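Student: Have a look at this one before I ask anything.
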Amino acid sequence: MKKEIRDNQAIYAHLLDFDPIHRKFVAPEKKSAIDPSAGSKVSMPSAGLGLGTGGFEPVHAARTLDDGRVEITYFAPDAKRVEIAGMGGSMPGRYDLEPQGDGYWRVLIDDVGPGFHFCVFIVDGVLTFSPTMPFGYGFSYVMNYFEVPDPNEDFYLLKDVPHGAIRMELMKSERTGRYRNLWVYTPHGYDTSGKRYPVMHILHGGGENEAGWFWQGKLNYIADNLIAEGKCEEMIIVASSFAAMRELDDGKFINDSFPKVMVDEIVPFIDANYRTIADRNHRAMAGLSAGGSMARQIAHGFPETFANLGQFSCGAGFSVTGISTVENKLFPGPMGSHPAEMTEKYQKLFSSPESYNKTMDLTFITCGTDDPRHQYTEPQVKELRDMGFNVEYSCYPGHHEWDVWRYSARDYMIRLFRK
């Protein structure tokens, strides 16, 4: 495997540490307030700048070797057993690490292929994490992950091209009374160009949050590389959480209508604060898994706002009477409850292929070939296409995981705003 792919910074950067320099480093034993009653002696490894005592040879928590195997290392000098377990379909196993005699434990894994892998460590039966491995948010938890680079793909890696900026916006939601966190990508040159740009709004999956598309999906690098190669239009990208939590009088929370928050609050906020082309044809909605179902609900429920839809790993799911006969066992219909006017909008949109095709500029649906959703998504799309609906489908090798969604976002962006 080429060094520039194996050691690319994008593989190891994460929300808590953009540039972890992997060096063997064990702090001297010292008192710590881990035990608040008396303190305890601890030794901790570091994947930071290597300051302090100890050698400087690289010790990666997860390192891909030239032959494609993955070397997992964990520091636990007093442990009796250390294991690592995958959290996704591409890493279904649980692996024992072997002690190395210096406090480190290690295992070579040869049955995990290229891609993104959430994982957890089990030390003497206790679920824990590695402080020197990247952290992300998935399965509704903060947890470790590692990447195995694909020797044949680099579209999501950090390259020497002009880079856009990522801004973190705080927006007060009048509907919920709470502030929202929006991550906004602007392409290189935005601050000085004076141009207006189309906008892609994109949602995460269930058990994830608004930071995922940039830190786990590497979406800013995908955009930088595509724009530099002239393969997609320059665009603003907005990632937001699809939850709309509103506090009740008793202190409990309910999930309010996110589609209304998106259309009535987020879209106007972005249009007011960024140089957008503020019309439906230059505005896109996308999402993965549960976020893909929400994106479908928003685009189909508010076609006056969005003319483009990308739904990744969530089925076609067009549950309008008389349209699709293919059974969808996981997500049989649009998420949430809908007032009568929403149902009327769906029925009008799907009244004929001509009506749908005139309204929607692009509908792009994807899935991983090993994702159970693929078995019904592909025939759903084929049935719609045979009827004359202008929808596209692409599938990629993989499970319900980030490597599939990176391909999905890339190919969606290549198709966007071409009319």
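The values are calculated or read from the model by the stated rules, or taken from the named source; none is laboratory data. This structure is a prediction, so every number in the text was calculated from the model and none was measured. Positions of Cβ are generated from backbone atoms using ideal geometry, with glycine treated the same way; all protein chains shown enter the neighbour counts. For the accessible areas, the whole protein counts, side chains as well, though only heavy atoms, and no ligand, DNA or RNA atoms are used. Shrake-Rupley method; radii C 1.70, N 1.55, O 1.52, S 1.80 Å.
Student: Straight-line reach from Lys252: which aspartates and glutamates have Cα under 19 Å away, leaving out those fewer than 8 places along the same chain?
Tutor: Cα-Cα hits under 19 Å: Glu174.
Student: Which entries of Lys172/Lys231; Lys172/Lys348; Lys2/Lys231 show an alpha-carbon separation above 29 angstrom in the structure shown? Each step should come with its number before you reach the end.
Tutor: Details: Lys172/Lys231 35 Å; Lys172/Lys348 33 Å; Lys2/Lys231 25 Å.
From the list (Lys172/Lys231; Lys172/Lys348; Lys2/Lys231), the Cα-Cα distance tops 29 Å for Lys172/Lys231; Lys172/Lys348.
Student: While we're looking at this one, here's another question. Within 10 Å of each candidate Cβ there may be at most 13 other Cβ atoms; applying that plus a DSSP loop requirement, which trypsin sites (Lys or Arg not before Pro) in the range 71-163 survive? Write out the running numbers ahead of the final one.
Tutor: On the way: sites: Lys80, Arg81, Arg94, Arg106, Lys159; in loops: Lys80, Arg81, Lys159.
Loop-located and lightly packed - Lys80, Arg81.
Student: If we sort 164-174, 358-368 on the protection proxy, mean other Cβ atoms within 10 Å, highest first, what's the order? Show your work: numbers first, answer last.
Tutor: Working: 164-174: 14.1, 358-368: 22.2.
Going from most to least packed, we get 358-368, 164-174.
Student: Near Asp96, within a Cβ-to-Cβ distance under 11 Å, what is the net charge of the other residues, with Lys and Arg +1 and Asp and Glu -1?
Tutor: +1
Student: Keeping every protein chain present and rolling a 1.4 Å probe, give me the accessible area per residue for the range 103-166 in Å². Each step should come with its number before you reach the end.
Tutor: Numbers: 2780 Å² over 64 residues.
Per residue, the range 103-166 has 43 Å² of solvent-accessible surface.
Student: Quick one: net charge around Lys218, please, counting Lys, Arg +1 and Asp, Glu -1 for every other residue with C-beta under 13 Å from its C-beta.
Tutor: Numbers: positive: Lys159, Arg406, Arg410; negative: Glu147, Asp150, Glu153, Asp154, Asp224, Asp403.
Around Lys218, the charge tally is -3.
Student: Which percent of the accessible heavy-atom area of the range 145-250 goes to carbon and sulfur, probe 1.4 angstrom? Show your work: numbers first, answer last.
Tutor: On the way: 1960 of 4370 Å².
Carbon plus sulfur share of accessible area: 45 percent.
Student: Expected output is a single nm value to one decimal: the length gained when fully extending between Arg275 and Gln100, i.e. 0.36 nm times separation in residues minus the C-alpha distance. What is it? Mind showing how you got there, number by number?
Tutor: Details: separation 175, 0.36 × 175 = 63.00 nm, distance 5.64 nm.
Additional length available on full extension: 57.4 nm.
Student: While we're here: Just add up the charged neighbours of Pro162: K/R +1, D/E -1, any other residue whose Cβ is under 11 Å from the Cβ of Pro162.
Tutor: Charge balance in the 11 Å sphere: -2.
Student: Please go through the residue pairs Lys195/Lys419; Lys3/Lys218; Lys218/Lys260 and name each one whose alpha carbons sit more than 22 Å apart in this structure.
Tutor: Lys218/Lys260
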